[in-house]
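Report on one structure; see the data block that follows.
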Amino acid sequence: MEPARPGCQCLRALLLCLLGWGWPGARGSYLRSPSRCTPIPSSMALCYDIGYSQMRLPNLLGHESTAEAIQQAASWLPLLARECHSDARIFLCSLFAPICLDRFIYPCHSLCEAVRSSCAPVMACYGYPWPEILNCNQFPADHALCISAIADKATSSRRMLRASCRDCELEEASSAKEILESLCASDFAVKIRISRKNLTSTLSNFGLDSKPEVLKHGPLLKAEIYPQLQQWLDLDATCVHNIMRGTQEGAYVVSGEVQSNRLLLVHKAYAWHKKNRNLQAAVRRWKHHPCREQEGLEA
């Protein structure tokens, strides 16, 4: 496993915390103090401005004070940032900051299952299972009064595999030779232009602005490259976010592995711009560059 990044350390802290918590029971089997309504503070980033302004305490995780709820909710932000499911925030907030009505409204079993299906693989990347305190069997079926999934089912199914265990980053190559060696070691390599298609949706939506320039297609047919790249953009939000670094569009040379299910896994990404002379030199030389292993090498 790669050295832990700051975000990864936060995620590990979250998971360790989860595994140590007790669960008061999804049906509210006990509350340690009288239930009361309180404003959701702006410092509770997870749930502030979620669509209602009052939360009930103690919440469904047994947190009795606003300060405790804020502290524990903040631990979930690194996981939420990975965009593993568009309904992850509403699911978590239904537990941390339940809406203040005359009774507790629980998340539906189906909502929990949908979020778990997409977000549990992120936890698994760090060696932790979906925590028992979020056992979906504790939540009511959809025909009961509960919070159901909001995301469109077709969209959710396409987003199911968004999480990647490897957080790719933009590379800063010291030489054209280094880039050429990286391309030789990859299954595929392409020059692409990416743009972000939406600015307001919970989940980012990226697209290819033009036909990719295929440097190497490996085990894929050239005709498969475009749809597989678009699928990668749909599935691996973390990697795409890291590559684009907050920009709305840009050109990149990306390379990586073609998995057994023919999905692409990007290992290297370089920003294509005039100042990156090493990258431009490597791409010019690539067509005639002799890799050590000639098998599967495309012209």
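Given charges of +1 on the Cβ of Lys and Arg and -1 on the Cβ of Asp and Glu, with all other atoms neutral, how large is the dipole of segment 176-286 about its Cα centre, in debye to the nearest 20?
520
Measure off 7 Å from each Cα along the Cα-to-Cβ vector at ALA45 and SER260, then give the distance between these two points in nanometres to one decimal.
Taking the two extended label points, one gets 3.9 nm.
Any idea how far apart SER65 and GLU213 come out in nm if each label point goes 7 Å out from Cα toward Cβ?
Between SER65 and GLU213, the simple spin-label model gives 6.0 nm.
Could you list THR238, THR247, THR66, THR38 in order of exposure, starting from the residue whose Cβ has the fewest other Cβ atoms within 10 Å?
THR247, THR38, THR66, THR238
What order, most packed first, do the peptides 49-55, 69-75 have when packing is the mean number of other Cβ atoms within 10 Å of each residue?
69-75, 49-55
Between HIS289 and GLU169, take the C-beta separation as r, use R0 = 30 Å, and let me know the FRET efficiency to the nearest 0.05.
Rounded to the nearest 0.05, the efficiency is 0.80.
Would you mind computing, in nm to one decimal, how far apart the modelled labels at ASP102 and ALA81 are, each placed 7 Å from Cα along Cα→Cβ?
Rounded to a tenth, the inter-label distance reads 4.3 nm.
For a protection proxy built on the mean count of beta-carbon atoms within 10 angstrom, sort 217-226, 264-273 highest first, please.
264-273, 217-226
Determine, for GLU169, GLU181, the number of other Cβ atoms within 10 Å of each Cβ, and report the residues in order from fewest to most.
Starting with the residue having the fewest Cβ neighbours, the order is GLU169, GLU181.
Using modelled backbone amide H atoms (1.01 Å from N, in-plane), which distant-in-sequence or interchain residues come within less than 5 Å of TYR106's amide H?
HN-HN under 5 Å from TYR106: ILE147.
Give me LEU215, LEU92 sorted ascending by neighbouring Cβ count inside 10 Å, so fewest comes first.
Listed from fewest to most nearby Cβ atoms, that is LEU215, LEU92.
Throughout, read-outs are computed from the coordinates displayed, never taken from laboratory work. Owing to the predicted nature of the structure, the values given are computational and were not obtained by experimental measurement. Because the Cβ atoms are built from the backbone with ideal geometry, glycine has one as well, and the counts that use them run over all protein chains shown.
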